[in-house]
Amino acid sequence: MRRRKQNRLRFFVTLIPLLVGWSAAFAQTDTVRVVYYPPWNISKLPLYLARDTGIFERNGLNLSWTNPGSNEKLLAAMKNGDGDIFVVSANHVVQNNATGGPALTLVANSGYNFSVLLVDSAITRPEDLRGKKVGSGEPGSTPDRLTRLALRKLGLDPDRDVTLVHSSDARSADRATALTSGQLAGTLVTAEAMYDLKKTGQIKNFRILADHKQLNIYAGGGADYATTVAFLKTRRQEAKSFMSGICEGIAGAKRNRSKALEIMTKSERGRDPAALEYLYHLYTTEVIPARPYPKIEGVELGIEMVASTLPAARGMKPQELVDVTLVEELVKEGRCN
């Protein structure tokens, strides 16, 4: 009897490590599918840094990465349930939910597009733009919607108080060129266009009438992090580990300048190194937050943009699309500071 008990004990002592090893192996092959689009924006720097330095793996995650390559393919991937975590823009999430895709919830944000309303130096107040030409994108495009929104926030009617000059190219740099040539009195420009104007010295001929913070316009960047509701419910720990990686990526981006610039150089091939320095400093100090709470203003803007063409989005409320608990928990645990 005693020998039998000893044999059983040896059996279980031998079996336990095997079970633990089997469980760990099983967990490692349980892939988390990450879909991201657009492929690059500086607001995604924390994501790229976490991925390229192995932070996610050290957090026990096995990730697969998919870049669909276009907005249309992204929305199809969302609707088909091809991902667990989506690194996109808020308007993509709104459109998916409004068109019957698997329910997604926004759990974090690591940035947006830096932009300013740049005007001729003679213009000191919004009222001075009345009767003037303001640059915009193609009618109905995102740059056009944002330009109209900015003007309305400044108390101007974009259809009556100014003349919108629509560019066939949505690039901010082209509108900035039209501004410097005197064809426009003002236009929204991005950080990249601002750098080009500073580099040539032309910035002295203009003034910033308002920036995105003053206008409360937090658009794009593709740095909104969403999970399916099902994934958040059934695999919450993995979702939390992923967001812990983003927090580490944010800290690393702000602290490790050389690694951050290395990633930016690969992602923005051919860009002037001085421009990368400028953009790195601007985004890590002004745009990328220390704690990646979902940006409710960005969700509001996403709803507004989608609702203009998709009636099903008009009744959506930003708070119903957002879950802050992952970031809250990480902050309380001292893992996101």
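This table checks each residue for (1) open to solvent by less than 20 Å² (accessible area, probe 1.4 Å); (2) outside any helix (DSSP H, G or I).
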residue: G140; (1), (2): no, yes
residue: P143; (1), (2): no, no
residue: L146; (1), (2): no, no
residue: R152; (1), (2): no, no
residue: D157; (1), (2): no, yes
residue: A176; (1), (2): yes, no
residue: M194; (1), (2): yes, no
residue: I203; (1), (2): no, no
Practice problem: For the stretch 260-272, name all the residues that are outside any loop (DSSP other than H, G, I, E, B) and either touching a residue at least 40 places away in the same chain (Cβ under 8 Å) or in contact with a Leu (Cβ under 8 Å, 6 or more places away or on another chain) (or both). | Solution: A260, L261, I263, M264, T265, S267
Quiz prompt | Leading residue by the ranking (nearest to A312 (Cα to Cα)) among those in the stretch 63-80 that are open to solvent by less than 60 Å² (accessible area, probe 1.4 Å), in contact with a strand residue (DSSP E or B) (Cβ under 9 Å, 6 or more places away or on another chain) and hydrophobic (A, V, I, L, M, F, W, C) | solution = M78
Exercise. Starting from the stretch 311-337, keep only residues that are free of Cβ contacts under 8 Å to residues at least 40 places away in the same chain, then list their pairs with residues that are open to solvent by less than 60 Å² (accessible area, probe 1.4 Å) whose Cβ atoms are within a distance under 6 Å, requiring at least 6 positions of separation or different chains.
Key: R314/A307; P318/I296; P318/V299
Practice problem: Go over the candidates P289, P311, P294 one by one and state the one that is closer than 30 Å to E329 by Cβ and either surrounded by 20 or more Cβ atoms within 10 Å (Cβ to Cβ) or over 16 Å from the mean Cα position of the chain (by Cα) (or both). | Solution: P294
Quiz item: Can Y280 be described as open to solvent by 70 Å² or more (accessible area, probe 1.4 Å), in contact (Cβ under 8 Å) with a residue 60 or more places away in the chain and not hydrophobic (A, V, I, L, M, F, W, C)?
Solution: no
Quiz item: Across the stretch 81-115, what is the number of residues that are open to solvent by less than 20 Å² (accessible area, probe 1.4 Å), assigned to a strand (DSSP E or B) and not hydrophobic (A, V, I, L, M, F, W, C)?
Solution: 2
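The values are calculated or read from the model by the stated rules, or taken from the named source; none is laboratory data. Computed from a predicted model, the values in this text were never measured in an experiment. Please note: Cβ atoms are built from the backbone with ideal geometry, for glycine as well, and neighbour counts cover all protein chains shown. The area values use the complete protein model at the heavy-atom level, side chains included, leaving out ligands, DNA and RNA. Shrake-Rupley method; radii C 1.70, N 1.55, O 1.52, S 1.80 Å.
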